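The values are calculated or read from the model by the stated rules, or taken from the named source; none is laboratory data. Since the model is a prediction, treat every value here as computed from it, not as a measurement. Glycine gets a Cβ as well: all are built from the backbone with ideal geometry, and neighbour counts include every protein chain shown. We work out accessible area using only protein heavy atoms, side chains counted, and drop any ligands, DNA or RNA first. Shrake-Rupley method; radii C 1.70, N 1.55, O 1.52, S 1.80 Å.
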Amino acid sequence: PKRVWQAITDPDQMQEWHLPGTSAANQWKITEVIPDQKISYEWRLEGFPGNSRVTFEVVPDGDGAKLIVTHTGLEAQNKEDIQEGWDFFIHTQLKSFLDKPDAKVVIERTYDASVERVWAAITDPDQMRQWYMPLNDFRPEVGFETGFDVETKDKKKKFPHIWKVTEVIPGRKISYEWKFAGTPGTSIVTFELIPIGQKTKLTLTHIGLDSFRGYQGLETTNFREGWTNLLGTKLMNFLAMAAVPVG
């Protein structure tokens, strides 16, 4: 559902399967929005009297999503042409767009540390600042939001991060939206922990990276390199250091 919602509301993605957004012949005015679920807008077409209304509804359907498109107020227009147009846009264009492989990063690492120890490292803000991100605060609670800036190594550019926690299973799984202020697109980061004896297997999945395409510094390869360093070096060293008795 999240990916379908992005495809029907993000202007960069819409231009790949729907309309280019450059023609004055089509005039849209948004009338209703229920985030991730429903959007409606008036659609005025030059040369035709009155306004029609288009509604997109996204409904979860198992592991996927069902999209319902309703176009009303077409009395003055050729309904057969409109139907043919939507069949093309939805069944051909949108389907092909969504069938493209989603850019993502998946990394697995096993640490010589307990699940409780690894969970604390990925959810406690004091510990996260030591190996992960320069965040001000963090709480593993659904709905919690935080923001912080990350500078490039040459200090020439800042990336304003925005995180929002979307799922938490204490000690096992946490997911959050990962966005950048001023940049279209939303990705989802998920950490999953599995105990293996006295050790812990961590699986990191970062999906939706294709929504950042076209923005320098946000390429999938950069995220993959970043996660590889964070999980394979920084978190590994942090957990090893924390395991050494002090005093």
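In table form, for the structure just shown:
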quantity: From the options D124, D112, residue that is free of Cβ contacts under 8 Å to residues at least 60 places away in the same chain and not polar (S, T, N, Q); calculated: D124
quantity: Residue within segment 83-105 that is β-branched (V, I, T), under 19 Å from the mean Cα position of the chain (by Cα) and more than 19 Å from P1 (Cβ to Cβ) present; calculated: yes
quantity: Pairs, first at positive phi in segment 43-64, second not β-branched (V, I, T), C-beta under 6 Å, six or more apart; calculated: G50/A76
quantity: Matching residues, segment 100-118, being part of a loop (DSSP other than H, G, I, E, B) and over 30 Å from G214 (Cα atoms); calculated: D112, A113, S114
quantity: Single match in F48, F56 (criterion: in a strand (DSSP E or B), of a type in the set (F, W, Y) and either in contact with a strand residue (DSSP E or B) (Cβ under 9 Å, 6 or more places away or on another chain) or open to solvent by less than 80 Å² (accessible area, probe 1.4 Å) (or both)); calculated: F56
quantity: Odd one out for G185 among (1) on the phi < 0 side of the Ramachandran plot; (2) within 18 Å of the chain's Cα centre (by Cα); calculated: (1)
quantity: Yes/no for A121 being touching a helix residue (DSSP H, G or I) at 6+ places or on another chain (Cβ under 6 Å), surrounded by 14 or more Cβ atoms within 10 Å (Cβ to Cβ) and in a helix (DSSP H, G or I); calculated: yes
quantity: Strands (runs of 3 or more DSSP E) enclosed by segment 132-247 - at least 2 residues per element that are among the small types (G, A, S) and buried (at least 18 other Cβ atoms within 10 Å of the Cβ); calculated: 183-196
quantity: Qualifying residue in segment 93-105 (condition: touching a residue at least 40 places away in the same chain (Cβ under 8 Å) and among the polar types (S, T, N, Q)); calculated: yes
quantity: Any chance S40 is within 24 Å of T186 (Cβ to Cβ), out of contact with any helix residue (DSSP H, G or I) (no Cβ under 8 Å at 6 or more places or on another chain) and among the hydroxyl-bearing types (S, T, Y); calculated: yes
quantity: Tabulated pairs, segment 195-209, first over 9 Å from T110 (Cα atoms) and of a type in the set (S, T, N, Q), second modelled with pLDDT under 95 and not in a loop (DSSP other than H, G, I, E, B), C-beta under 6 angstrom, 6+ apart or interchain; calculated: T205/V106
quantity: Odd one out for A25 among (1) surrounded by 13 or more Cβ atoms within 10 Å (Cβ to Cβ); (2) touching a Leu at 6+ places or on another chain (Cβ under 9 Å); (3) without any contact (Cβ under 8 Å) to a residue 40 or more places away in the chain; (4) not polar (S, T, N, Q); calculated: (1)
quantity: Filtered residue count, segment 83-113, keeping only those that are surrounded by 11 or more Cβ atoms within 10 Å (Cβ to Cβ), within 21 Å of V58 (Cα to Cα) and of a type outside the set (D, E, K, R); calculated: 12
quantity: Residue among I68, I39 that is within 22 Å of W5 (Cα to Cα), assigned to a strand (DSSP E or B), open to solvent by 50 Å² or more (accessible area, probe 1.4 Å) and at pLDDT 95 or above; calculated: I68
